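What follows is a single structure, written as structure tokens, with notes after it.
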Amino acid sequence: MEFENLLTLIKTVSDSSVTGFQYEQDGVKLSIQKEVVQQVVEYHGDTTAKVVVSEKVQEEESAGNVIKSPLVGRFYAAPAEDAEPFVTVGDSVKKGQTVAIVEAMKLMNDIESDFDGVIAEVFVENGESVEYGQPLFRIV
């Protein structure tokens, strides 16, 4: 692979939402991985105001349980555009309760809580693309 093509490939992966890429040809192996930065959305009280902070999600440092995306797709916090979100920070949830939808290949997949508890954090925004295993919610 020519050096200019290699630079173009690295820039393309860096500018995309892809978090990893592997290439192999004629005995040459290339693997590119990048650190994912998540947006953390916090809702305060009953107001519609929100604080959006970009930071790396540190699951092991967070108390509670994390609901992760079981597939790659688009995250939806509500059943319809004009509907209220399934859950917001401070809401109590039960195991098996639908907390979001992830659309993949034009199929709407209900995301259910694996835990009983209270929503402490929402890691993604409505309409955002999500990756397999990406944290969506923290429940305490």
Study note, to complete from the structure: Here the gain from full extension of Gln25 to Leu71, 0.36 nm per residue of separation minus their alpha-carbon distance, amounts to 13.7 nm
Exercise for review: Name the long-range amide H neighbours of Val89: under 5 Å, sequence gap of 5 or more, or other chain; modelled H, no Pro or chain starts.
Suggested key: Tyr43
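Quick check on packing: order 13-22, 114-123 by the mean number of other C-beta atoms within 10 Å, highest mean leading. Numbers along the way, then the final one.
Details: 13-22: 12.1, 114-123: 18.3.
Highest mean packing first, the order is 114-123, 13-22.
Values in this text are rule-based calculations from the coordinates and carry no lab data. Since this is a predicted model, take the numbers as computed values, not measurements. All Cβ positions, even for glycine, are placed from backbone atoms using ideal geometry, and neighbour counts span all protein chains on display.
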